[in-house]
Structures are given as C-alpha cells and as structure tokens.
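Beneath this line is the structure, given in structure tokens, with notes to follow.
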Amino acid sequence: MVEKGPKIMRSAGACTLSGLIARGIFSNLLLTTTVPLFKVGSVSYTMMAAVPPQDTTPTLPKDMSASKGEPSALAQPATRHDEFYFTDEMTVFQVGDRLFRVHQHFLAENSLVFSSMFSLPAAAPTPAPPEGTSDANPILLSGVTEHEFETLLRYFYKSMHDGFALPQASWIALLSIAHHFDFPNVRARAVREVFAAPGAQAPDAPDLLLLVAVAERYDVPPGTVLPALAALVARPAPLSEAEVARSTALTVSRLAAAREEFVRRTAGPAPQPLGLAPWLGGERGWKEDAAREIVRKIWVIPTRSRARLAAGSRRCEVPGGGAGGLARAGASRAAESRSCVVGFSGPALSLYHMLCIFWNLGTRPSSCSFASSRKPSHGE
C-alpha cells in the first residue's frame, strides 16, 4: 500500500516549546519546517513541510544604497554635458555612385560649409523622406571624388590611432577636399604631410614639380615649396615635355626666368666672403643659396620676420644700445644680403664682428653691418 499526501512523523515524547523552537531552527537550516498535527496521549504526530528560502542579502545604509556611477533615487536630475552630448543623426551622402552613411558631428564641427548645410531650415513636408535620411534620397556631393571623401572620413575616424598613415596621393586628396569644403584644421595637417614630410622636397625627390602644381592649385603659399622651386632652378636637366604639359604657363615662365638668372649668377667661380677663406659650404652650398634668393625674388616670397630669422636662417641680428637709426638702416639692407646688424661698441663690437664673420661664412658673400653706439666726436 502506497501512502499518499504529506509524510506524517511520529514523535515519542511531549512536544514542548523548547523542543519546537530547536527543531524549527534546525529545520529552517535545512529549508524545511515541522508542523504539529495532533497528539494522542504521549504520542505527537507532525508533518515536515518545505519553506521558501529566505533573502539573506545584507541591507546597506541609505547613503550607500546607490553604487558609484549609478543614479540614486535621492540624487538631482541628470543634466546634459555641454560638450559631449551629441544630438546629430546619421546622414547618407552620395559621391559618384557610392553611398556613405556617417555622423554629422565631424563634418559640421570642422567645416563651415557642412555646418551651414545641416543648420538650414527643413523644407516643406513632402511624401519623400528628408534628404540624407535614406539611401533613396541621399545628399549629393559634387566637386569631389570618392577617394577624397573616403580619405576625409578615414582621417576623422582613424587618425587617432598610432599606426595611422597615408600615402602622399591620399594626403593630396585630403588637401583637395579640405580646400573645397573649407576644413581649416584638416587642411593645415595635409599641408604639413605633403610639403614638410622628410625628403619630400629634397633635390633628388622623384616629383618636385608635382608639389609646385599642388601648391598652386590649392592656394598654398609659394614659400612652402621654396626648397622644391630652388631645386628645380638649380638642377642641370631642363623641364621635360611632360612637366611642362602639367604645369601652368605662369609656373613655366617663372621657372625659365629663374633658371636663366641662375646660370648667369653662377657662371663664375665661388666667391670668397670677406677675403678670409673659400666658401664654407662649397660650390653646391653657394649655388643652392643663390637659387633660393632667385626664387624669392621671382615668386615674390617675403623674407621671414626677425623673430623667425634666428631659427630659420643663418642671418644674425644682435641688438645693442643707442644704435637705433643705424641698426634699423643696416637691418633693411641686410634683408636681402642676410648680413648681421650689430649695435655694440668697444671690445664688444670687435667680438661680435668676429662672430658675425664666421656666421656669414655659410650663407653668401655679404658683409656685416655694424652700428656703433659710440657718439661721434666733433672732428667726425
């Protein structure tokens, strides 16, 4: 015979209060409890019943109820961050036959053209979805190529990584689109990478005329390509037909005039500065310096300011007391000849005289202009 229902346990002995309490605690540890049923004489009948497990999670104080970084019920309402709470949406652009879906933030933040585009008021409601919200109605970008827009997006999304690098053709493409849509910061980075990369404007660089053409096309100051222009002027080989074909008439005429003047100026022997020693830089250094001066004159490249001359050229200008007029006159004459303007007297004048001589040995055959601070005597 099979017993049904809860199992009834028979207990010998009286069911005292202390016994029930002890048995109840022990049963709770086993997730069960003893329920008394009835008693006949000295025999008690009980039943074992299971109870749900109790929650033993410790209670935290009120000031510790919210963990770090999690909102608390008693905290003030959260506010939006002034800089890093973006409300822009994804926008679909079409360049050529390719679709791009990107964030508006990078484009609007760095370009006044895109910022104005995204801030235009919405057009009147039409059955078609708003422009740029779907592949069926993208924003058409004209005047740029797929490679240029792709390079721009790659720059925005991946340039923060240490291994980010682009070939020269891609940097030129980035310069092109930055110039077209007015990305000033992107343009500045592209100019540095194109023209200031190590060896980019070396005399033996593979395509110096390409840098000249890029600078002319995208309004890069000609001083940026001064080394490339000087190398083209000083090189023995003339411009090839291919180089002339892809250059503007203005560039070709200027290069022709510069090369003719360079040949005339360097036809004689190397000069000897102040008659002290042969040209310190040798024949090559003298001709390179002559080519740079010719380029500055024909392309009307302004000389550097006095503050930058100390770091960028080999001209020295040493201030002295009391030589205002003469020093300024000497400085104006030295702007073309890279001479030193010294305003000292006595032993200091002699010392700086020698320093200026040695400084000028590596530049060109020019003398130092000295402005003495000594007051002239009555007989002078």
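The values are calculated or read from the model by the stated rules, or taken from the named source; none is laboratory data. Since the structure is predicted, the reported quantities are computational estimates derived from the model, not experimental observations. When we count neighbours, we look across all protein chains shown, and the Cβ atoms used for this are built from the backbone with ideal geometry, even at glycine. Ligands, DNA and RNA are stripped out before the accessible areas are found, and what is left, the full protein with its side chains, is counted by its heavy atoms. Shrake-Rupley method; radii C 1.70, N 1.55, O 1.52, S 1.80 Å.
Can you name the condition, by its number, that Asp162 falls short on among (1) of a type in the set (Asp, Glu); (2) part of a helix (DSSP H, G or I); (3) modelled with pLDDT under 95?
With (1) of a type in the set (Asp, Glu); (2) part of a helix (DSSP H, G or I); (3) modelled with pLDDT under 95 applied to Asp162, the lone miss is (2).
Does Ser170 count as surrounded by 12 or more Cβ atoms within 10 Å (Cβ to Cβ), assigned to a helix (DSSP H, G or I), free of Cβ contacts under 8 Å to residues at least 12 places away in the same chain and of a type outside the set (A, V, I, L, M, F, W, C)?
No: the conditions fail for Ser170.
Pairs please, first residue from segment 123-134 and at pLDDT 90 or above, second anywhere and in a loop (DSSP other than H, G, I, E, B), Cβ atoms under 7 Å, 6+ apart in sequence or on different chains.
Filtered contacts from segment 123-134: Gly132/Pro138.
Residues that are open to solvent by 50 Å² or more (accessible area, probe 1.4 Å) and at pLDDT 90 or above: list the helices (runs of 4 or more DSSP H) wholly contained in segment 189-301 that include at least 2 such residues.
208-217, 241-245, 249-265, 282-298
Count, please, the residues in segment 102-151 that happen to be in a helix (DSSP H, G or I) and surrounded by 12 or more Cβ atoms within 10 Å (Cβ to Cβ).
19
For Ser247, which of the numbered conditions (1) free of Cβ contacts under 8 Å to residues at least 12 places away in the same chain; (2) within 27 Å of His180 (Cβ to Cβ) fails to hold?
(1)
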